[in-house]
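Visitor: The structure under discussion is supplied below as structure tokens; questions concerning it will follow.
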């Protein structure tokens with residue numbers, strides 16, 4: 001499973017705020033800019049952030065999407081928009097905890113998105129948002145369809161997104177990122193049911209390995225969702241003027257979604273803990289059944305072994321009438337075998353009546 005447990009760091013001793021990564025290669029960065037209002041939506045393709053002032057003048061809402069971490073483009077954020085170098089460092093060093101930071105003229109928001117790939121593995125992506133008064137900048141690691149539905153809603157003629165300020169667009173993007181956790185949890189729930197059925201049918205090694213894999217997935221989800229709830233809660237409580245009061249209501253709704261996600265994750269974690277106990281109980285019960293069966297078999301053979309041991313001794317029938325006279329009987333062997341069969345059968349009947357078998 002592909003997962004990122006800790007954030008990426010520069011080498012120890014690197015100056016704080018360093019944007020460029022050692023050994024980083026240039027990537028193609030697409031800079032689509034969407035300007036919108038109640039009655040219009042215009043999309044532009046810009047090559048430099050210096051064009052923002054001309055294409056998105058004062059009072060026009062705009063959404064700038066940056067895909068990929070190109071140090072040159074990120075440097076223009078500091079030059080033209082005054083973004084702090086520590087913010088750019090957090091953008092480049094992916095693996096940050098979801099958070100929100102207030103820099104007075106803009107808000108810096110980090111969202112961590114977990115999704116299932118086609119092969120069932122976790123795909124994790126850090127998305128950074130820079131919320132200005134009339135401009136929203138989103139920075140993604142790679143091209144994805146996380147915000148496709150939001151983009152479609154923005155381009156549609158109906159809906160409140162065009163009528164609201166750009167902070168509502170930021171809310172919509174965060175809400176879309178949070179909603180991507182629900183399909184993941186649905187799939188996890190299916191795995192929980194499959195593993196539980198497998199443990200009830202046969203508590204084998206494969207079921208135990210699947211259970212441990214599920215526990216690792218839930219731990220990764222827990223590490224992602226708890227900071228996400230803190231981030232959304234901090235955004236809802238923020239006193240920044242960039243988050244307007246009409247938008248706070250919607251942000252609180254997203255907070256409710258994060259609480260619901262955490263509740264589901266914690267429920268699944270409790271179920272997996274219970275399933276581990278179920279596995280151990282099943283193994284113990286199976287071992288007890290085996291030991292009980294072996295004990296019964298051993299108990300049945302105790303009197304049979306005693307009889308065989310007696311007749312295995314060296315007796316001389318000519319020495320006297322009490323010196324094992326059965327050795328001279330013509331039906332001695334069938335009689336002893338019949339006696340052993342009766343003893344064994346009687347013990348089996350007794351064990352069944354006592355519900356030991």
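Visitor: Listed residues 339, 280; which is surrounded by 12 or more Cβ atoms within 10 Å (Cβ to Cβ), closer than 30 Å to residue 211 by Cβ and free of Cβ contacts under 8 Å to residues at least 60 places away in the same chain?
Guide: 280
Visitor: When you scan segment 145-255 for helices (runs of 4 or more DSSP H) that lie fully inside it, which ones turn up with 1 or more residues that are over 30 Å from residue 269 (Cβ atoms)?
Guide: 148-155, 166-179
Visitor: Which residues, taken from segment 71-112, are surrounded by 18 or more Cβ atoms within 10 Å (Cβ to Cβ) and out of contact with any helix residue (DSSP H, G or I) (no Cβ under 9 Å at 6 or more places or on another chain)?
Guide: Listed by number, the residues that qualify are 89, 90, 94.
Visitor: For segment 257-266, what are the residues that are without any contact (Cβ under 8 Å) to a residue 24 or more places away in the chain and surrounded by 14 or more Cβ atoms within 10 Å (Cβ to Cβ)?
Guide: Hit for segment 257-266 is 260, nothing else.
Visitor: Also, quick follow-up: Could you say whether any residue in segment 127-136 is in a strand (DSSP E or B), at pLDDT 90 or above, within 22 Å of the chain's Cα centre (by Cα) and assigned by TED's automatic domain parsing to the domain that holds residue 50?
Guide: yes
Visitor: Applying the selection to segment 66-85, what residues are touching a strand residue (DSSP E or B) at 6+ places or on another chain (Cβ under 9 Å) and either outside the structural domain of residue 135 (by TED's automatic domain parsing) or farther than 21 Å from residue 53 by Cβ (or both)?
Guide: Hits for segment 66-85 are 67, 68, 69.
Visitor: Within the set of pairs 6 or more residues apart or between chains, which connect a residue that is in contact (Cβ under 8 Å) with a residue 24 or more places away in the chain inside segment 59-74 to a residue that is crowded, with 20+ Cβ neighbours inside 10 Å and part of a loop (DSSP other than H, G, I, E, B) with Cβ atoms less than 6 Å apart?
Guide: Once the first residue is in contact (Cβ under 8 Å) with a residue 24 or more places away in the chain and sits in segment 59-74, its partners that are crowded, with 20+ Cβ neighbours inside 10 Å and part of a loop (DSSP other than H, G, I, E, B) give 62/56; 71/19; 74/19.
Visitor: Now, a different point. Working only within segment 154-164, note down all residues that are surrounded by fewer than 17 Cβ atoms within 10 Å (Cβ to Cβ) and either out of contact with any helix residue (DSSP H, G or I) (no Cβ under 6 Å at 6 or more places or on another chain) or modelled with pLDDT of 95 or more (or both).
Guide: 155, 156, 157, 158, 160, 163
Visitor: Something else about it: Among the residues of segment 113-122, which ones are more than 21 Å from residue 232 (Cβ to Cβ) and either modelled with pLDDT of 85 or more or surrounded by fewer than 16 Cβ atoms within 10 Å (Cβ to Cβ) (or both)?
Guide: Those that are more than 21 Å from residue 232 (Cβ to Cβ) and either modelled with pLDDT of 85 or more or surrounded by fewer than 16 Cβ atoms within 10 Å (Cβ to Cβ) (or both): 117, 118, 119, 120, 121.
Visitor: Check residue 139 against each of (1) part of a helix (DSSP H, G or I); (2) at pLDDT 90 or above and name the one condition it does not meet.
Guide: Residue 139 satisfies every listed condition except (1).
Visitor: Report whether or not residue 304 is at pLDDT below 85, part of a helix (DSSP H, G or I) and surrounded by 14 or more Cβ atoms within 10 Å (Cβ to Cβ).
Guide: It is false that residue 304 is at pLDDT below 85, part of a helix (DSSP H, G or I) and surrounded by 14 or more Cβ atoms within 10 Å (Cβ to Cβ).
Table: residues versus (1) under 19 Å from residue 108 (Cβ atoms); (2) touching a helix residue (DSSP H, G or I) at 6+ places or on another chain (Cβ under 8 Å); (3) modelled with pLDDT of 90 or more; (4) not assigned by TED's automatic domain parsing to the domain that holds residue 180.
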{"residue": "220", "(1), (2), (3), (4)": "no, no, no, no"}
{"residue": "229", "(1), (2), (3), (4)": "yes, yes, yes, no"}
{"residue": "242", "(1), (2), (3), (4)": "yes, yes, yes, no"}
{"residue": "249", "(1), (2), (3), (4)": "no, no, yes, no"}
{"residue": "256", "(1), (2), (3), (4)": "no, no, yes, no"}
{"residue": "271", "(1), (2), (3), (4)": "no, yes, no, no"}
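The values are calculated or read from the model by the stated rules, or taken from the named source; none is laboratory data. The model shown is predicted, which means the values in this text are computed figures rather than measured ones. Quick reminder, even Gly has a Cβ in these numbers, built from the backbone with ideal geometry, and neighbours come from all protein chains shown.
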